[in-house]
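For reference, the structure discussed in these notes is given below.
Any read-out appearing in this document is the output of simple, stated calculations on the displayed coordinates, not a laboratory observation. Here the structure is a predicted model, which means the values were calculated and not measured. Here Cβ is always computed from backbone atoms with ideal geometry, including for glycine, and neighbour counts include all displayed protein chains.
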Amino acid sequence: MLSGSPTQGMFSNSRIGNSESPNSGASSSFTQPIIDMSENDETELLSITWNQDYHCFAAGTNHGFRIYNCKPCRETFRRDLKVGGFKIVEMLFHCNILALVGAVANSHYPPNKVLIWDDYQSRSICEFTFRSEVRGVKLRHDRIAVVLEHKIYVYSFTDLKLLHQIETLANPRGLCCLSHHSNTFVLVCPGLNKGQVRVEHFGLNVTKLISAHDSQIACFTLTLDGLLLATASITGTLIRIFNTMDGTQLQEVRRGADRAEINSIAFSPNVQWLAASSDKGTVHVFSLRVRVSGEDSLTQPNVAQGPALFHQNSSTSLDPLISTNTGANPNSTFSFMRDMGSWDGKSAHGSETFLLRLLPKYFSSEWSFAQFRLPQSTRLIVAFGSENDVIIVGMNGSFYRCSFDIVHGGDMMQKEYVRFIT
C-alpha cells in the first residue's frame, strides 16, 4: 500500500458532478475494479514515470501497474488486472492518489479516459472521458493537467472544475511539465509553432512564448519551483536552459555531434547539474552555470519578484541566473585556453572571446562533465538521487544507480544494478 495521502478528505463524497470541459466528464462510477492477479503471464513494460521528487517510479504494464522505491530499487506495490494494462501511471509524490490511463488493448480502461484512483480506499475518485486519446497526465497537490494531441485541460483537484484550456501544436509525446512548489504554479507545454515552448505562470497571469529550437521539441523539464526550464529538440544535439520569467536563454550544452533522440532531462535538486538520456545508450551529466540562491527561492512569498529570487547583486538581466564561475564546466571545449595562458609566447588574454566569434557554434558548446555508458540500448529515463547519484531506468526493465566525481567528472561508477522486471 502506498503511504498516507495529503489529499485525504479532499473529496467529501462520491458525487463529484460534471466537469465543465466540453470534451470530458467526471463520475464516481467505475464498474470494473482493479483486482490482484497471481497469473504468471509475461509482463511487458508500457511506460515508466518518476514521482515528483524522484524517490519512486511507476511502471505501467500490460497487466496493470507497479510502484518501486529507488534506494534501493525494490517493488513496493502492484495492482494487476484481469484484462489489459495501463499506458500512463502518474504518481502524486508518495501518496495513494494515482492517475491511470488504459492501454489500447484495455477494454475496461480505454486510452481516452483518465482514472483518478485512490488506492487507500481501493476505489475510483473520479474519471474524465475525452473524445480523443490521452497523451499525458500531470499532477500537483492542487491541479490535474490532462494532455491531448492538440489541447491541455487543467482542472482543480479539490472540486474538479475546469480552470484552463491551452491549445498546442501536435503533441503526440504528451509533453507537459508542472512546478511543484506551493508558492509557484508554472505549466510548460509546446506552443503553436515548431520549436516553441509556452510557459504559463498562472499565479502571475503571465504567458511567455520561448523560441527554444529550430526543430520540434522532443523533451523538456522544470525545476521544482518552475523558474528554470531545460529543453531539447528532435535533433538531440543541444540542450538549452531558460529563465521562465523572461524567456532568457541562460546556457547551452551539447550532448553530441550526431543526431539522437533525447528521452529525458533532469535537474539535480541543488540545480548544479543537469542529466540527459538518449537512444545512444549514454547518459550525460552537465555542469550548470545557472544558480539559484538555495532555499531562499523556495521560501520567498512574493513570486512576482521573478529573477530577483536569485542573486541580488546583478549588473545585467542575465547575471542573477549565471554563476560568476566561468570555469564551472571543466570539459567545456575552451577550458584548455584558460589553462594554457599563452600561444607562441604571447598572452592569450581576450583570445577566447575572439575565437568564439569566428569558430562554428559546435566548438563553443559546453560538453558533458560526466558520462555513463550502458551495455545495451533501450529507452531510458534519468533522475538524480543524492548530490552526485544518478538513477537510470530502462524500458527493458533495467535499473542503474551510478555516481560521478563532482570535481573531476569523467566516467561514472556503477553502484547498483537491478532487473526490476524480467
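At a glance:
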| quantity | calculated |
| --- | --- |
| Overall form of segment 101-150 per C-alpha gyration tensor (a/c, 1.5; a/b vs b/c) | oblate |
| Label-point gap, in nm, between residue 77 and residue 165 - each point 7 angstrom along Cα→Cβ | 3.4 |
| Neighbour-count ranking [beta-carbon atoms within 10 angstrom, fewest first] of 175, 228, 162 | 162, 175, 228 |
| Exceeding the 20 Å Cα-Cα cut-off - candidates 87/113; 138/280; 71/138; 194/280; 82/138; 87/138 | 138/280; 71/138; 194/280; 82/138 |
| Order of 422, 76, 237 - criterion: other Cβ atoms within 10 Å of each residue's Cβ, fewest first | 422, 76, 237 |
| Per-residue Cβ neighbour rank within 10 angstrom, fewest leading, 208, 194 | 194, 208 |
| Extension gain (nm, one decimal) between residue 408 and residue 205, 0.36 nm per residue minus Cα-Cα | 68.8 nm |
| Among 405-415, 93-103, the order from most to least packed when residues are scored by Cβ within 10 Å on average | 93-103, 405-415 |
